[in-house]
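Quick notes on the structure that follows.
The values are calculated or read from the model by the stated rules, or taken from the named source; none is laboratory data. Note that the structure is predicted; figures quoted are calculated from it, not measured. So basically every Cβ, Gly included, is an ideal-geometry build from the backbone, and we count neighbours across all protein chains shown. For the accessible areas, the whole protein counts, side chains as well, though only heavy atoms, and no ligand, DNA or RNA atoms are used. Shrake-Rupley method; radii C 1.70, N 1.55, O 1.52, S 1.80 Å.
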2 protein chains.
Amino acid sequence: MFQALADPNRRQMVQRLCEGPASVSELAQPLQMTLSAVVQHLAVLEGAGLVRSQKIGRVRTCQLDTQALRAAERWISERRALWERRFDRLGAFLAEQDQNLKEEGGA
Amino acid sequence: MFQALADPNRRQMVQRLCEGPASVSELAQPLQMTLSAVVQHLAVLEGAGLVRSQKIGRVRTCQLDTQALRAAERWISERRALWERRFDRLGAFLAEQDQNLKEEGGA
DNA sequence: GCAATACTTAAGCGCATGCTTCACCAACCA
DNA sequence: TGGTTGGTGAAGCATGCGCTTAAGTATTGC
């Protein structure tokens, strides 16, 4: 999943697919590489569940599947929240300590 | 950034760091690999801006930096939103078409 | 039917990655 | 002071990844 998004060319393909479905050659057009290479990238994206595709006649049409994107987003946001919550608690703790010091100073 | 999160061992290190700062050997402990390897992974995470660390005495303490996580999260959610908006418009369009058909049928 | 189109598949190549070992240094502590 | 702990750096190796070429297959249009 993250592996699939790690490559800039694949991210560009995802970017393109955000704007709507595309055939393999449409995906290949802005990229400076063989159709073969594009197909291989596509296989990785499909493997990661990021893209679905179906072949009609001789043209394969691809589109984004947001399920996997959602999963990745969740993974990140969970971890970020976890850490930030900890950070907040630390802040609260420090503030409390600070308060205690002041009170001791006052007494 | 995604590259850095692509490796499961590095994700595990991030996971560990969510629960608070840790030394290099603490990070290494649950992983079945040399300290050397862990340091190398750490370098990647630091390179991606995911982790900051400082050395006090002979122990290096690492902690998460959520800035990069936030950036990754934003990248994903922007793309997801883009695609889902498109999807909604398509839904609206189809519904409208459907409505038009009904009206024509009624007229 | 024949050529062009739109992929598909397999083989191979070079470079990046992930890991190990080994040697080393800097703190800590008994 | 000398051994142990915690980390660093370089070298080397195996594997995986991204890409290309080349040959093949299935549709489509004339």
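Remark: accessible area buried at the B-A interface is about 2800 Å², both chains counted, probe radius 1.4 Å.
When Cβ neighbours within 10 Å are restricted to other protein chains, what is their mean count per residue of peptide B:66-77?
6
Between the alpha-carbon centres of the stretch B:48-76 and the stretch A:58-91 there is a gap of 17 Å. What does the charge count near B:LEU17 come to, summing +1 for each Lys or Arg and -1 for each Asp or Glu among other residues with Cβ under 12 Å from its Cβ? Net charge around B:LEU17: +3. In this simple spin-label model, placing a label point 7 Å from the Cα along the Cα-to-Cβ direction at both B:GLU26 and A:SER36 gives a separation of 5.1 nm. Using 0.36 nm per residue and subtracting the Cα-Cα separation, the extra length available between A:GLU19 and A:GLN3 on full extension is 3.5 nm.
Obtain the radius of gyration and the Kirkwood radius of the stretch A:1-50 from its C-alpha atoms and give Rg over Rh. Numbers along the way, then the final one.
On the way: Rg = 9.8 Å, Rh = 10.7 Å.
Rg/Rh: 0.91.
Could you compute the net charge surrounding B:LEU45? Neighbours are other residues with a C-beta less than 15 Å from the C-beta of B:LEU45; K and R count +1, D and E count -1. That sum, taken over residues with Cβ under 15 Å, equals +3.
Shortest first, B:GLY49 label-point distances to identical copies amount to 2.9 nm, with the label point at 7 Å from Cα along Cα→Cβ.
Comment: the Cα-to-Cβ extended label point of A:GLN32, at 7 Å, lies 4.4 nm from its counterparts in the other copies, nearest first.
Distance from the A-onto-B rotation axis is smallest for the Cβ of the chain A residue given, in whole Å, as A:ALA6, 2.
Sorted from closest to farthest, the other copies place their A:ARG86 label points 3.8 nm away, with each point set 7 Å from Cα along Cα→Cβ.
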